[in-house]
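No value in this document is a laboratory result; all are computed from the given coordinates. All values derive from a computational prediction rather than experimental measurement. Positions of Cβ are generated from backbone atoms using ideal geometry, with glycine treated the same way; all protein chains shown enter the neighbour counts.
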Amino acid sequence: MNALKSKNGNINILKSTPYGNNLTTDFAIAAIKGEGLGKDEYTDVLALSYSCTDYVGHNFGVSSKEIEDTYLRLDLDLQRLFEFLDEQVGIGEYTVFLTADHGAVEVPQFLMDNRVPAGYFNGKEFKEKVENFVTKRFGENIIEDISNEQIFLDHKKLKSLKLFPKKVQQILVDEIINYKHINKAYTASAMSSSYFDSEIEALLQRGYNQKRSGDVLFVLNPATISYSRTGSTHGSYMNYDTHVPFLLYGAGIRKGSSYEYVKIIDIAPTISALLGISFPNATFGQVRSEAFSR
């Protein structure tokens, strides 16, 4: 580690190795001991983020030996933590839930090498193409920014040119849907005035914010990313990014598994129900009572 860190961001190298997770477990055990967690009648909550899997996955991809090694070592860390909790708090006296904030896609180059449709999106080329189109169409570049698969219009310029945002949005959607790697495109007007209850459109709409989101939202083809060819990333609405585990273990939880569709927003009300407390404000999830032992 000492030999590597001088050329790899010094201590920052830890986050890209399994040893960062080792330290997280050490800190967790120290916190439980130091704060006396689980030692009285009041419920204590300890949140842990094992983030090294994210960095290793970005660098090497989801099917790499490096990420496999990281998860095998994480499994040992979880074993160490649970054995400590058994000893410190008591077997069956604590509840654990585990999930993730996202999944990830296979390295597109790996997929292409194996004749699976995939690709790389060049954001710079896309931006230039869109800006050239609007400049030619409207006589001026009316694009303020393109980021996070959204196009933001310059509304001051729209006003000065007497252009209607809704009309310009639709013109852009009709244009970019023909571009390479673009799978779907939607106007902000559609997101704010229509209701989508399934598939990618519903996920897009849940992430849409009238005050902050772009004027046009677009979705790339499956397994298409804007990233280096030796790693992987996330952020799409595809299943490989949105399908994550939800594991419950310990006090109040029965043994079993389920293939029912569960949402991340179900976690907060489920844990609240276990604790017998009120749900957080603005909670829309459902209690997964099928996991309860009582």
Result: in region 119-225 the number of Lys pairs with C-alpha under 17 Å apart, spaced 8 or more or on different chains, is 15
Relative contact order of region 119-225, pairs being alpha-carbon contacts under 8 Å that are 6 or more residues apart, as %: 32 percent
Along each of its three principal axes, how wide is the spread of alpha-carbon positions in region 84-226, in whole angstrom units, largest first? 72, 40, 25
Once you have all Cα-Cα distances for the chain, histogram them in 10 Å bins from zero and send the whole-percent values. 5, 20, 25, 24, 17, 7, 2, 0
Between the alpha carbon centres of region 16-65 and region 97-117 the gap in Å comes to 24 Å
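Which length gain, in nm to one decimal place, applies between L76 and A268 when the Cα-Cα distance is subtracted from 0.36 nm times their residue separation?
Working: separation 192, 0.36 × 192 = 69.12 nm, distance 2.69 nm.
Full-extension gain reported as 66.4 nm.
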Roughly how many debye, to the nearest 20, is the charge dipole of region 119-225 about its Cα centre, given +1 on each Lys and Arg Cβ, -1 on each Asp and Glu Cβ, and no other charges? 380 debye
Give me log10 I(q)/I(0) at q = 0.10, 0.14 Å⁻¹ for region 1-156, Debye formula, one equal scatterer per alpha-carbon, no solvent. -0.63, -0.89
Length released on extending from I91 to Q210, taking residue separation times 0.36 nm less the Cα-Cα span: 38.0 nm
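Nearest 0.05, what FRET efficiency do R137 and F284 give at R0 = 30 Å with Cβ-Cβ as r?
E between R137 and F284, to the nearest 0.05, is 0.15.
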The chain: relative contact order from alpha carbon pairs under 8 Å, six or more residues apart, as a whole percent, is 20 percent
